[in-house]
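The structure under discussion appears below in the form of structure tokens.
Derivation of every value follows stated rules applied to the coordinates shown; laboratory data play no part. Given the structure is predicted, the values throughout are model-derived calculations rather than measurements. Cβ coordinates were reconstructed from backbone atoms using ideal geometry, including for glycine residues, and neighbour counts include every protein chain displayed.
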Number of protein chains: 2
Amino acid sequence: MIILKNAEDMRSWSSSQRNNGFAIGFVPTMGALHEGHASLMRSSIADNNASVLSIFVNPTQFAPHEDFELYPRTFDDDCAMAENLGIDVLYAPTASEMYPINYSTYVNVGGVSEGLCSASRPHFYRGVCTVVTKLFNAIMPHRAYFGQKDAQQTAVIRRMVRDLDMGIKIIEMPIIREVDGLAMSSRNKYLSVKNREKALAISKALDYASEMLTSGESDASTVISAVLGFLNNIKVDYVSLVDADTMHPVTKIEKSVVLAVAAYVGETRLIDNFKFDPKTLCEDSSVFPILEKCDK
Amino acid sequence: MIILKNAEDMRSWSSSQRNNGFAIGFVPTMGALHEGHASLMRSSIADNNASVLSIFVNPTQFAPHEDFELYPRTFDDDCAMAENLGIDVLYAPTASEMYPINYSTYVNVGGVSEGLCSASRPHFYRGVCTVVTKLFNAIMPHRAYFGQKDAQQTAVIRRMVRDLDMGIKIIEMPIIREVDGLAMSSRNKYLSVKNREKALAISKALDYASEMLTSGESDASTVISAVLGFLNNIKVDYVSLVDADTMHPVTKIEKSVVLAVAAYVGETRLIDNFKFDPKTLCEDSSVFPILEKCDK
């Protein structure tokens, strides 16, 4: 596995892959890798001729009071995992490489980025869209892999890719969970034993709501009230039922929706969600068909 | 010459060029082509294996009261000029292709985009940066050619390309002028015979200022006052002496600067400028060395 540290070297590698007609897969991360990231890497490696993993804890998507300094950094373990899985290039630029003096360009996506996480983290998606644009430009991937846990993020990135004619296929992979149901997250490391137990309320609430929806409940406020009933012991940021494409709240469940939760367990902010399509009356697994590798 | 109308077809053509190791040059325009555009096309054709011209009158860089509807459209003449010069692809997307329903993504460049033209046209550079990003993503050029007449635009695009790791070489070509000195512009077509005569004051003022600077004048306000003295008969938008990199106003001329003028002649807004480097005591011609074509 090659480790590259700046955009010029990264582009040079990717250009040579493209000159050879190879398809490039890309998994963007902030490191502290877990099985959720591993599932993205495995898909990228299966679908493409060459795969790039990025590790960059992006300062522009954290507010000053958030956990940028504290965010877990496990670079050596991350490298070992990526190399074992078969990643070809690890792109790990420094903050000064990514944001040089007089840095002043940002990518803003409206509409789909409003509500949900952006209410409590107003600059979050500006930071995400900007860094993902920079990573896309350096890596020039054909396909990029995101986890469904960050469902709004994937919707925002999809909109950005469409709007800016980026020509990259965005693939969303299902949420990977611990045995007891907790959605995997790098931030789970922050949880004390007691709070780890409390955090289970989120996935239990979503499980219950999933049963309501598959049983035919179509009123959003009824479902949201039921979810809130599970979350008495933690500080809820939001519980929302939104259209899966636009991320706008719905009152009736008539097409594909996302039931999304964000809550603070102690100091730790956790998110989780599931997608539901009333047409099939079952959870939308978001498993995309495995694409054939490019012939050239 | 091939004419392409959507981003997917454009990317497909560019990908095949890149797969063959060809260098792609790109000249973005709003059509109504004149000798200034021709000089950009000639450079692109000389420097690259294949050249793309875009023609798109971009609605997002016009304010509602501006001349979007009126802007000259001379598509057939433009095609003839491009084909005669040897352009390989004309990319001419429609507005609905470029800005589909729910379009919501914009690229903002701060700092260098402030002052000068953005004072009277506050959304101008947001529109320019967004459309240029879209065109770059569809065309995937190695080099892109801009005219020095839009000096701030080139500085803004350069900053955007650096900040977003676009990996495209931005080449600025000298201003092309009519025999009597008026900077060529698609908007010159709006001028009545009388206003065409009045408009000459701009280039005459810049000529005079150029002589002051080459004679060693280093006080910005003295130069600006002299320029304003020439512009009594037209409505000045701005006369500014700015740093050539940052586009911030300077009070003393100590490094490379741009003396930039915008003024209304009748209803028509015209811009002009020249660059001056006090180290060489001569006008900075901004002629870049011709680059070798890519071997692969």
Just to confirm the numbers: B:Val236, label point 7 angstrom along the Cα-Cβ line, distances to the other copies in nm, shortest first? 6.2
As I understand it, the value is the acute angle between the Cα axis of helix A:75-85 and the longest principal axis of the Cα atoms of chain A; what does it come to in degrees, rounded to 10? 80 degrees
Tilt relative to chain A, helix A:220-230 - C-alpha long axis, 0 to 90 degrees, to 10: 90 degrees
Using a 7 Å offset from Cα along Cα-Cβ at B:Ala46, what residues in the stretch B:147-165 end up with backbone N under 16 Å from the label point? B:147-148
From the label point of A:Ser16, set 7 Å along Cα to the beta carbon, how far off in nm is each other copy's matching point, shortest first? 2.7
For A:Ala63 and B:Ser225, FRET efficiency with R0 = 51 Å and r from the beta-carbon atoms, rounded to 0.05? 0.65
Partner aspartates and glutamates whose C-alpha sits under 12 Å from that of B:Lys252, ignoring same-chain residues fewer than 8 away, are B:Glu217, B:Asp219, B:Asp243
Could you tell me the calculated FRET efficiency between B:Asp277 and B:Tyr208, based on Cβ-Cβ distance and R0 = 22 angstrom, to the nearest 0.05? 0.75
Connecting C-alpha atoms closer than 10 Å in a GNM of chain A, tell me which of A:Ile253, A:Ile175, A:Ile202 has the biggest fluctuation. A:Ile253
Residues of type lysines that B:Lys255 reaches as a straight line, Cα spacing below 27 Å, ignoring anything fewer than 8 places off in the same chain: B:Lys149, B:Lys169, B:Lys204, B:Lys275, B:Lys279
Can you sort A:Val242, B:Val132 so the residue with the fewest Cβ neighbours within 10 Å comes first? A:Val242, B:Val132
Where both partners of a DSSP beta bridge lie in the protein assembly as shown, what percent of those bridges are antiparallel, to the nearest 5? 55 percent
Sort B:Thr222, B:Thr29, A:Thr130 so that the residue with the fewest other Cβ atoms within 10 Å of its own Cβ comes first and the one with the most comes last. B:Thr222, B:Thr29, A:Thr130
Shortest first, in nm, what separates the label point of B:Arg73 from those of the same position in the other copies (7 Å along Cα→Cβ)? 5.4
Select from A:Ala205, A:Ala92, A:Ala119 the residue whose mean-square fluctuation is largest in a Gaussian network model of chain A (Cα-Cα springs shorter than 10 Å). A:Ala119
Under a GNM of chain B (C-alpha, springs under 10 Å), which listed residue has the highest mean-square fluctuation: B:Tyr103, B:Tyr145, B:Tyr190? B:Tyr103
Compute the distance in nm between two label points, each set 7 Å from the Cα along the Cα-to-Cβ direction, one at A:Tyr264 and one at A:Val179. 3.2 nm
Mind pulling up the Rg/Rh value for the stretch A:201-242? Radius of gyration and Kirkwood radius, both on Cα. 0.94
Take B:Asp243, B:Asp150 and order them by how many other Cβ atoms sit within 10 Å, fewest up front. B:Asp243, B:Asp150
